[in-house]
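Note sheet for the following structure.
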Amino acid sequence: MDLKSFLKEYNGFPENRRVSISPCFREEGKEILWELQAVSEEEYRRASQGIEDKWAALCLISVVKPDLTDKALWESYGVTSAEKALKEMLYPGEYIRLLEEVKKINGFAQRRKAWKEQAKN
């Protein structure tokens, strides 16, 4: 193995994913899929500073579409932040679905599987 494989340009971050989060958002009769991205540990660390709910912070930086930073969206829901808008937009079960998808794209599902395997042995 050579160091080249670890250089940034060879980082195998997953492609963005389009996922079903809520059937409430529709366009031309079809559900609008949300777009999620994987983020680096450093991006997550910066984004979560000053935010009490660290999972919400991960969701906020992982969601590409809809644009949760758009103040028109905030105004539509009568809130003053992306975190509050997200929590107003979704039912509790939908928020959990979003969180599960965000965890998957950011590698938490693989970690949990590895921990379970270690616990068995």
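Applying the criteria of a DSSP loop state and at most 16 other Cβ atoms within 10 Å to the GluC sites (Glu not before Pro) of segment 1-40 yields Glu15, Glu28.
Once you keep just the Cα pairs under 8 angstrom separated by 6 or more residues, what percentage relative contact order results for segment 13-120? Dividing the mean separation by the residue count of segment 13-120 yields 25 percent. Adding -39500 (n - 2.57) for every DSSP H run of four residues or longer, then dividing by how many residues the chain holds, sets the calculated 222 nm ellipticity at -14000 deg cm²/dmol. Using +1 at the C-beta of Lys and Arg and -1 at the C-beta of Asp and Glu, which of Ala109, Ile61, Gly78 has the Cα lying farthest in the positive direction of the dipole of the chain? My answer, from the dipole projection, is Ala109. Basic side chains Lys and Arg get +1 at the Cβ, acidic Asp and Glu get -1 at the Cβ, and with that the dipole of the chain about its Cα centre reaches some 580 debye. Enclosing the Cα atoms of the chain in their convex hull gives a volume equal to 159 cubic angstrom per residue. By the count of other C-beta atoms within 10 Å, a proxy for reagent exposure, Cys24, Cys59 are ordered fewest to most as Cys24, Cys59. Ordered by the number of other Cβ atoms lying within 10 Å of each residue's own Cβ, fewest first, Leu99, Leu86, Leu3 fall into the sequence Leu3, Leu99, Leu86.
For segment 30-40, 3J(HN,Hα) computed residue by residue from phi via the Karplus equation (6.51, -1.76, 1.60; θ = phi - 60°) reads 10, 5, 8, 7, 8, 10, 10, 10, 7, 10, 7 Hz, glycine and proline entered as x.
Here, each number is a calculation from the coordinates, and none is a lab measurement. Nothing here was measured: the structure is a model prediction, and the numbers come from that model. When we count neighbours, we look across all protein chains shown, and the Cβ atoms used for this are built from the backbone with ideal geometry, even at glycine.
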